[in-house]
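Worksheet: the structure to be examined is printed underneath.
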Amino acid sequence: MLGIETVAGYLPKNRVSNYDMKEKFGIDDDFIENKIGVRHRALKKSTCRSSDLCVKAFEKLQEQHSVELSEIECCIVITQNPDHNLPHTAAIVHGKLDLPVTCAAFDISLGCSGYVYGLANILSFMQFNGMKKGLLFTSDPYSDIIDPNDKNTALLFGDGATVTLIGENPLLTAMDFSFGTNGKEYESLVCKENLFMDGRAVFSFTATTAPKHIKALLAKNSLSDNDITKYYLHQGSRYIVDTIRKRLKVAEEKVPFDIAEYGNTISSSIPMILAKELPTLPKGHYILSAFGVGLSWASAIITKLK
């Protein structure tokens, strides 16, 4: 049975303080701490590309779980900020890691919902093709596309990357997935020259769609909140995570919020928390739910086996 063997995350050491932005944007400590929930943002070097972040995440993985590169049969990168228009970033990562020439490598262009979509893709792709070891990367350096004078985005996003090792000795397996898209509203979160986000529209979409989607997935699998150990939600902002939690009527301790010191890392936000918590997670069912660019959303039920 294929599943998640381990997850590792990388965050640049450099941090930018949102407290230093208070006068520029006319905000206060309450806005920083309770509205967006981001005190500091991780910022990569300007020369660091999406593939470089992936390699650094893999180095973190190797520190905690020895991976034999010759056994890797699939390499997928979730990014909407690739190194170049072409080739695909997964090919660049493939070369930098010196993966086998028999290894499939491709990108998936998704943002905030990308990790859940990516999990479904790599599990089904590997299973159908009889593969045993794969790597799923998330890397979306939004610092390359953010307007530093845009209050809606400049205070929120941080750089980072994760890698998930997929294999036959998993700690986590997938029980079910569910997906959705409202492409008519894509301009609510779009990058033409710089990133633009209609904060009110994105919040309204998220607060309405995510709770209903999670409830429907639970009902489909005859589960209730009592069956769920934790909910790992995309870390859009503290206000968004708190709103979804309240509408689900879930206890606060079951919904981690963990981006105060590095920011919203887009497709990396869920696996970034998993990387921290996976070693100590008890057996049980967990919800993954992500939402954003597209507008798209995706949820999954995953199970800790041991």
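Annotations for the structure displayed:
- Residue pairs meeting the criteria (Cβ under 7 Å; at least 6 apart or on separate chains; first assigned by TED's automatic domain parsing to the domain that holds I78 and farther than 12 Å from L135 by Cβ, in segment 102-124; second β-branched (V, I, T) and in a helix (DSSP H, G or I)): D107/T89; G111/I266; C112/I266; Y115/I270
- Subset of segment 58-81 that is more than 20 Å from the chain's Cα centre (by Cα) and assigned to a loop (DSSP other than H, G, I, E, B) - its residue that is surrounded by the most Cβ atoms within 10 Å (Cβ to Cβ): I72
- Residue match in segment 30-43 (condition: more than 22 Å from the chain's Cα centre (by Cα) and not hydroxyl-bearing (S, T, Y)): yes
- Given (1) under 21 Å from E277 (Cβ atoms); (2) modelled with pLDDT under 95, number of the condition M1 does not satisfy: (1)
- Of the residues making up segment 1-51, those that are part of a loop (DSSP other than H, G, I, E, B) and of a type in the set (D, E, K, R) number 6.
- Here D30 passes the criteria (1) touching a helix residue (DSSP H, G or I) at 6+ places or on another chain (Cβ under 8 Å); (2) over 29 Å from I108 (Cα atoms) except the one numbered (1).
- Annotation: of all residues in segment 98-142 being in a helix (DSSP H, G or I) and more than 22 Å from the chain's Cα centre (by Cα), the one that is surrounded by the fewest Cβ atoms within 10 Å (Cβ to Cβ) is F128.
- The residue list I266, I273, I301 contains one member that is crowded, with 18+ Cβ neighbours inside 10 Å, under 28 Å from D107 (Cβ atoms) and touching a Cys at 6+ places or on another chain (Cβ under 8 Å), which is I266.
- Check on R200, in the same structural domain as I270 (by TED's automatic domain parsing) and in contact with a Pro (Cβ under 7 Å, 6 or more places away or on another chain): no
- Within the set K249, K283, the sole residue that is of a type in the set (D, E, K, R) and either at positive phi or assigned by TED's automatic domain parsing to the domain that holds I146 (or both) turns out to be K249.
The values are calculated or read from the model by the stated rules, or taken from the named source; none is laboratory data. As the structure is a computational prediction, the values presented were derived from the model and not from experiment. Cβ coordinates were reconstructed from backbone atoms using ideal geometry, including for glycine residues, and neighbour counts include every protein chain displayed.
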